[in-house]
1. So which helices (runs of 4 or more DSSP H) are wholly in the range 253-324 and hold at least 3 residues that are of a type in the set (A, V, I, L, M) and buried (at least 24 other Cβ atoms within 10 Å of the Cβ)?
2. Those residues that are without any contact (Cβ under 8 Å) to a residue 12 or more places away in the chain and among the aromatic types (Phe, Trp, Tyr), I need them from the range 80-118; list them, please.
3. Quick one: which helices (runs of 4 or more DSSP H) sit completely within the range 10-115 and have at least 2 residues that are closer than 26 Å to Gly298 by Cα and away from the ligand (no atom under 16 Å from the Cβ)?
4. Take the range 154-177 and flag every residue that is part of a strand (DSSP E or B), in contact with a helix residue (DSSP H, G or I) (Cβ under 7 Å, 6 or more places away or on another chain) and of a type in the set (Gly, Ala, Ser).
5. Using the structure shown, decide if Gly163 is farther than 18 Å from Ile249 by Cα and touching a residue at least 12 places away in the same chain (Cβ under 8 Å).
6. Just give me the residues in the range 80-136 being touching a Ser or Thr at 6+ places or on another chain (Cβ under 6 Å), buried (at least 21 other Cβ atoms within 10 Å of the Cβ) and more than 25 Å from Thr146 (Cβ to Cβ), in sequence order.
7. Filter the range 256-315 for residues that are more than 12 Å from the ligand (Cβ to nearest atom) and hydroxyl-bearing (Ser, Thr, Tyr); which is nearest to Met148 (Cα to Cα)?
8. Output the number of residues of the range 11-47 satisfying the condition of being aliphatic (A, V, I, L, M) and touching a Ser or Thr at 6+ places or on another chain (Cβ under 8 Å).
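The values are calculated or read from the model by the stated rules, or taken from the named source; none is laboratory data. These numbers were taken from a predicted model, which means no experiment stands behind them. Every residue, glycine among them, receives a Cβ derived from its backbone with ideal geometry; neighbour counts consider all protein chains shown.
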Amino acid sequence: MAPIYARITGTGSALPERVLTNADLEQFVDTSDEWIQSRTGIRQRHVAVEGQTTGDFAFLAAQRALEAAGVKASELDLIVLGTTTPDIIFPSTACLVQHRLGANGCAAFDVNAACSGFVYALGIADKFIRSGQSKKVLVIGAETLTRMVDWSERETCVLFGDGAGAVVLEASSEPGIYATCLHADGGYKELLWNPVGVSVGFRDEPNHGVRINMSGREVFKVAVKTLDALVEETLKAAGMEASQLDWLIPHQANLRIIEATAKRLNMPMEQVIVTVDKHANTSAGSVPLALDYAVRSGKVQRGQNLLLEAFGGGFTWASALLRY
Ligand code: ACO
């Protein structure tokens with residue numbers, strides 16, 4: 001039997017209208033545009049205003065991806081949504097988006113793998129398609145991460161933004177996703193976490209203790225080392241050489257981490273999609289936002305080989321190597 005591949009047939013994305021520049025941040029936190037740009041590459045971020053939710057951006061990104069693919073919501077068999085900032089505790093944001101799209105009846109669930117959420121969701125969707133279980137799948141990465149930001153904490157507040165991206169995956173005899181690699185190590189949980197919740201309980205603190213705790217320097221070191229190993233593993237799993245890659249579409253956390261991965265692959269920065277300057281770190285939204293930007297700006301062309309990778313809280317790390 002001929003193999004079934006999962007092919008991306010449409011991409012979409014959505015960002016809040018409100019933009020917060022580094023100069024805006026200088027007004028209320030002890031930081032500088034120079035510090036932020038030199039350490040991270042970030043110039044601005046989009047921030048959801050009160051009332052806007054993860055599901056709102058997920059819905060818009062999904063609509064755009066469906067339109068680009070020429071697929072109706074009613075044709076979907078599955079919706080997988082990566083997020084660590086769901087609208088409400090339950091139902092899942094995937095269920096909320098499913099209903100808004102009018103895709104009722106298909107399976108829908110969220111994946112919480114922090115910044116790796118979209119790539120995890122893509123890996124899961126790929127398995128559903130390869131097994132013959134699903135034919136048309138919507139995969140979304142969406143966040144309102146700034147809801148967890150303590151705007152008085154300069155170590156973290158300068159790093160994050162909000163937004164969403166989505167892809168439609170369809171079963172095809174043509175490649176398609178060649179390989180996905182998903183990993184986690186919960187032993188690192190305390191380096192990057194938000195340790196309150198329904199079961200543990202919330203705290204009598206501002207925002208009920210909901211805020212990102214991060215040991216930036218340690219995260220940086222493990223991220224670089226882990227991503228180096230991950231890209232090697234992914235190339236091997238796909239039976240490819242780095243020279244066969246057309247584009248690297250990395251998680252957009254920090255330009256220095258992105259540059260280190262590109263160097264490892266011997267790829268010039270001209271072949272790396274960078275949106276961290278405009279979007280900052282949108283966690284699970286970052287890779288699909290960068291992908292949609294790359295497609296709509298005409299950089300990524302049909303038939304090209306793309307390496308997607310992400311690293312985040314958990315720690316989790318994940319990759320996908322695919323022909324667009
Ligand atoms: N503005 C000005 N100064 C600052 C700021 C700020 N926003 N934040 C920290 N500083 C100061 C610190 O207080 C410190 O001052 P000191 O030397 O007087 O003590 C100094 O800058 C250096 O701080 P470091 O933490 O050593 O700076 P570093 O070069 O490591 O950069 C950063 C910090 C950008 C967080 C970096 O470590 C990083 O990017 N780490 C990866 C973490 C990450 O990307 N997390 C996102 C989520 S996880 C993921 O998606 C990968």
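1. Numbers: elements: 255-264, 276-279, 286-296.
The helices (runs of 4 or more DSSP H) meeting that bar are 286-296.
2. Residues of the range 80-118 that are without any contact (Cβ under 8 Å) to a residue 12 or more places away in the chain, as a first pass: 88, 90-91, 99, 104-105.
Residue satisfying the conditions is Phe90 alone.
3. 54-69
4. Correct list: Gly163, Ala164, Gly165, Ala166, Ala171.
5. Answer is no for this residue.
6. The answer is Gly123, Asp126.
7. Thr275
8. Looking only at that region, the number is 3.
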